[in-house]
Amino acid sequence: MLRLSVLLGLILVWMLLWGSISVANFVGGLVVALVITLLLPLPVVPVEGKVHPLSLLRLLIQMVYWLVRSSIQVAWLAVRPGAPPVSAVLRAHFALKSDLVLAMAVNLINLTPGTIALEVDQARRIVYVHVLNANTDRAIQEFHAQMATLERLLKTALERDEDWRPASDKEAA
């Protein structure tokens, strides 16, 4: 089912790029999609844990709040009189178990205006983040509090300890 959805997605992109829906574009897209999926396969990403819908909803609501708040802050920084804001590269440590969830955390950081992940140390679970407005100790503390909240929300939505069973534990059971 996953491979079929990838094929259909690639075919749809192909037809959108050509600008028309036709049998020829569908067949051409199918050929290109098959070449891509067979010759350039993506590595398998192990997925552990369970999705908890209410916790995921809380994460989404919190992200919307952060997006609106940071958009207003960035807009104000752009139009306010005075010197440009002081930016900094700050380190955020995440105690996330899954590489997939760590990647989600990085993507959520990148979606937030005023922040962008510059480097991810996958082994140590450290993300180096460029923060647009880091001119006070309070702003830096808010950044670290936001990262701690993001980690907590991701864990409750996707990585609860009671749901987490790595592959070696499954084989032993």
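Here are some conditions: (1) closer than 22 Å to Arg160 by Cα; (2) out of contact with any Gly (no Cβ under 9 Å at 6 or more places or on another chain). Val101 meets all but one. Which one does it not meet?
Every condition holds for Val101 apart from (2).
If you go through segment 45-80 one residue at a time, how many are among the hydrophobic types (A, V, I, L, M, F, W, C) and not in a helix (DSSP H, G or I)?
Within segment 45-80, residues that are among the hydrophobic types (A, V, I, L, M, F, W, C) and not in a helix (DSSP H, G or I) number 3.
Name the residues in segment 127-142 that are part of a helix (DSSP H, G or I) and either open to solvent by 30 Å² or more (accessible area, probe 1.4 Å) or modelled with pLDDT of 95 or more (or both), would you?
Once the filter is applied, which keeps residues that are part of a helix (DSSP H, G or I) and either open to solvent by 30 Å² or more (accessible area, probe 1.4 Å) or modelled with pLDDT of 95 or more (or both), segment 127-142 yields Asp137, Arg138, Ile140, Gln141, Glu142.
Quick test of your reading of the structure: Thr37 fulfils all but one of (1) at pLDDT 90 or above; (2) surrounded by 12 or more Cβ atoms within 10 Å (Cβ to Cβ); (3) more than 30 Å from Lys155 (Cα to Cα); (4) not basic (Lys, Arg). Name the failing condition by number.
Failed condition: (1).
In contact (Cβ under 8 Å) with a residue 40 or more places away in the chain, part of a loop (DSSP other than H, G, I, E, B), at positive phi and in contact with a strand residue (DSSP E or B) (Cβ under 8 Å, 6 or more places away or on another chain) - does that describe any residue in segment 88-111?
No.
Residues of segment 147-156 being open to solvent by 40 Å² or more (accessible area, probe 1.4 Å) and modelled with pLDDT of 95 or more, which ones?
Within segment 147-156, Ala148, Arg152 meet the criteria.
The values are calculated or read from the model by the stated rules, or taken from the named source; none is laboratory data. Note that the structure is predicted; figures quoted are calculated from it, not measured. FYI the Cβ positions are ideal-geometry reconstructions off the backbone, even for glycines, and counts take in every protein chain you see. Note: accessible area is taken over every heavy atom of the protein model, side chains too, but ligands, DNA and RNA are not part of it. Shrake-Rupley method; radii C 1.70, N 1.55, O 1.52, S 1.80 Å.
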